[in-house]
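The values are calculated or read from the model by the stated rules, or taken from the named source; none is laboratory data. Owing to the predicted nature of the structure, the values given are computational and were not obtained by experimental measurement. Here the Cβ is made from the backbone with ideal geometry for all residues, glycine too, and neighbour counts use every protein chain on show. What goes into the accessible areas is simple: the full protein's heavy atoms, side chains included, and nothing from ligands, DNA or RNA. Shrake-Rupley method; radii C 1.70, N 1.55, O 1.52, S 1.80 Å.
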Amino acid sequence: MLDGLRVRPGGRYIDATVGGGGHAAGILAASSPDGRLLGLDRDPAAVETARVRLAPYAERAVLVHGSFTRLAEIACACHFVPADGVLFDLGLSSLQLADSARGFAFMTDGPLDMRFDPTAGGPTAADLVNELPAEELAALLYRYGEERWSRRIAQAIVAARPLQTTKELAAVVERAVGRRGRIHPATRTFQALRIAVNDELAALEAALPQAVEVLAPGGRLAVISFHSLEDRLVKRFMRRESRDCICPPEAPICTCDHRATLRLITRRPVRPTAEEVAANPRARSARLRVAERR
């Protein structure tokens, strides 16, 4: 990530998903002595955790509780435009997974919440599980979890309602489809519900153009994704924005007036090494893509 962003002393960087502050701390250390970082997160608990971790960097770190769907607005308000680099580290943080009260994990019991920002209201995972018709629930599981057993799982959930806790839901899924291999059968169901609760893909689609907008010429955009839905979205965006013409191939002449805003740095995603996966198993599905502002 540090190599991809070309972090340098004196640079201005935006971590759009600051989480516990790990990447942010790396950027601030590499941009010493006078580089600055703006960190955003939808999760107020993550912002406070990052605030403690980044306290040694004092005024060089600016932290804001807010969604990256407002990236351009927040960056302008905090005087981080133009930026030298923007980072998205998508998905869940280890802190969120470890907190059973947040409802993201099925290995410990907790309420079916799954909201990144509990202060913002909106439906919880329990609302979706207990209120959606079976057809809509199956479509959600298939679309956001790529779950091939979506109909069977949805029918089992409807039959078992009401469900209030993570272990209750995980048990229903396991009974419906059985256990195959090392990966728990509820993994895709939990992923799908989390994405739906937080409208994650729409948020990412809204944020990527804003990241390009705030970058200085030569600034870098780096995105770490953890499942194919995110990665495909990022790949399509970067490829589209790296081309001058986006007209259909059958068009005889260009009529789109589109001009490339990005240059691809990584033609293929960068994946973790075997050593990194051994040290941090949660990194096994990570994919890093990087592009540069023209």
Rg ratio (alpha-carbon, reference 2.2 N^0.38 Å) - the stretch 177-294: 1.31
Overall Cα dimensions of the stretch 43-119, principal axis frame, Å, largest first: 44, 28, 21
For the stretch 243-291 and the stretch 3-29, distance of Cα centres in Å: 20
Where the Cα pairs of the chain fall when distances are cut into 5 Å bins, in %: 1, 5, 11, 15, 16, 15, 13, 10, 7, 5, 2, 0
Accessible solvent surface per residue of the stretch 10-153, calculated while the other protein chains remain in place, 1.4 angstrom probe, Å²: 43
Relative contact order (%) - criterion: Cα under 8 Å, at least six apart; region: the stretch 10-81: 35
Qualifying trypsin sites (Lys or Arg not before Pro) for the stretch 109-176 [loop in DSSP, other Cβ within 10 Å: at most 13]: Arg148
Protein accessible area in the stretch 159-273, 1.4 Å probe - carbon and sulfur %: 50
Net charge over other residues, Cβ less than 15 angstrom from the Cβ of Cys254 (K, R count +1; D, E count -1): 0
Rounded to the nearest 20 debye, dipole of the stretch 176-264 from Cβ charges on Lys, Arg, Asp, Glu: 620
Amide H partners (placed H, <5 Å) of Val86, local residues excluded: Ile14, Arg220, Leu221, Ala222
Charge dipole (the stretch 42-199, unit charges on Cβ, about Cα centre) - positive-most of Phe88, Thr119, Leu163: Leu163
Whole-number percent relative contact order across the chain, with pairs defined as alpha carbons under 8 Å at least 6 apart: 17
Test item: Cα-centred dipole of the stretch 41-160, Lys/Arg +1 and Asp/Glu -1 on Cβ, debye: 160
Value of relative contact order over the stretch 224-294, rounded to a whole percent, pairs C-alpha under 8 Å and six or more apart: 37
Magnitude of the charge dipole, the stretch 1-45, Cβ model with Lys/Arg +1 and Asp/Glu -1, debye to 20: 160
Ranking by accessible area, most exposed first, for Glu59, Glu200 with a 1.4 Å probe: Glu59, Glu200
Computed [θ] at 222 nm, deg cm²/dmol, the chain (DSSP H ≥ 4; -39,500 (n - 2.57); rounded to nearest 500): -12000 deg cm²/dmol
